[in-house]
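Laboratory data are not the source of any read-out in this text; all were calculated from the coordinates shown. Being a predicted model, the structure only gives us computed values, none of them experimental. Cβ placement follows ideal geometry from the backbone for every residue including glycine, while neighbour counts extend to all protein chains displayed.
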Amino acid sequence: MRLNKYIADSGLCSRRNAEKFIVEGRVSVNNKTVIELSCKIDDSKDEVSVDGEKIKPKRHIYYLMNKPKGVITSTKDEKNRKTVVDIVNTNEKIFPVGRLDYNTTGVLILTNDGDFSNLLTHPKHKIKKVYSVKLSRDLTKDDEQKLLSGVYIKGRKGKFEKINFPNIKKTHLVEVTAVEGRNHFVKDMFKVLGYNVLELDRKLFGGFIADIPVGKFRKITSEEIKSIYKNYN
């Protein structure tokens, strides 16, 4: 592991500030001062100190939740409404990766790993998301093609990668695939063409599916995390 990441993972500072500490000679590895930014360590046996104080990375934890309606995707809420963090039974400080609206359900990741969160939310990785959508009226063929070729929302073009109809006789029920991460993206896409989204459920996010009941959560395994890094990093 790179030394600057090890320091940042301890919660002491950001990676950028960790690099400053190294260059300034404030960091030692096994009691020897290190000033090389390229330095790598074995986090299972090497001892790292900053300004003479031994540090240790936080234990990274990862949870998958099938978010219920009526819950805020945040760590806290000024109106004292229930948040997704309130649902998870942990003493660790965690945060949600991205957002789901108050009444949107489905796959949500919570963690204390900033690097993993960035991997899943950075636009360059084009993380796939699949949503089940209930519309206020049937989706026309013409509008389906517009959504696939692209429409402008808030001055920027957006599009769905794929649109499916789980029941061909009920074209107000659709399944859309997107790689965009903008807030309210799915709702805004349909709104541009005059549709209201009545229900929205995220079925898949970056390979994770809602394999647990609504309102429940589970720990994500290390094998699952490795698989995400292998596919997207």
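With θ taken as phi - 60° and the Karplus curve 6.51 cos²θ - 1.76 cosθ + 1.60 applied, the whole-hertz 3J(HN,Hα) list for region 51-60 is 6, x, 9, 5, 10, 8, x, 5, 6, 6 Hz, x standing for glycine and proline. For region 199-211, 3J(HN,Hα) computed residue by residue from phi via the Karplus equation (6.51, -1.76, 1.60; θ = phi - 60°) reads 9, 9, 9, 7, 8, 8, 9, x, x, 8, 10, 7, 9 Hz, glycine and proline entered as x.
Shown here are the Rg and Dmax of the Cα trace of region 128-205, at 11.2, 34 Å.
A quarter of the convex hull surface defined by the alpha-carbon atoms of the chain gives 15.4 nm² as the mean projection.
Arranged from fewest to most other beta-carbon atoms within 10 Å of their beta carbon, MET189, MET1 become MET1, MET189. Hydrophobic long helices, here whole DSSP H runs in the chain with Kyte-Doolittle means of at least 1.0 and Cα atoms spread over 24 Å or more along the helix axis, are not found. Based on alpha carbons, the Rg and Dmax found for region 1-93 are 17.9, 53 Å. Among the listed pairs LYS169/LYS203; LYS128/LYS187; LYS141/LYS187; LYS159/LYS226; LYS76/LYS128, those with a Cα-Cα distance over 25 Å are LYS159/LYS226; LYS76/LYS128.
This ranking places ARG202, ARG59 by how few other beta-carbon atoms lie within 10 Å of each, fewest first, which gives ARG59, ARG202. Straight Cα distances below 20 angstrom link LYS216 to the aspartates and glutamates ASP86, GLU92, ASP101, GLU199, ASP201, GLU224, with same-chain residues fewer than 8 positions distant left out.
Amide H contacts under 5 Å for ILE61: ASN112, ASP113, restricted to partners 5 or more places along the chain or on a different chain, H placed in the peptide plane at 1.01 Å from N. Once C-alpha pairs closer than 8 Å and six or more residues apart are averaged by separation and normalised to the residue number of region 128-205, the relative contact order reads 48 percent. The mean sequence distance of close C-alpha pairs (under 8 Å, at least 6 residues apart), as a share of the length of the chain, puts its relative contact order at 20 percent.
Karplus-based coupling profile of region 153-164, in residue order and whole Hz: 10, 6, x, 10, 6, x, 8, 8, 6, 7, 10, 10, with θ = phi - 60° in 6.51 cos²θ - 1.76 cosθ + 1.60 and x standing for Gly or Pro. For ILE153, the residues whose modelled amide H falls within less than 5 Å of its own, excluding neighbours fewer than 5 places apart on the same chain, are GLY158. When the Cα convex hull of region 3-55 is projected onto planes of every orientation, the mean area is 3.0 nm². For HIS172, the residues 5 or more places off, or on other chains, whose built amide H falls under 5 Å of its own are LEU139.
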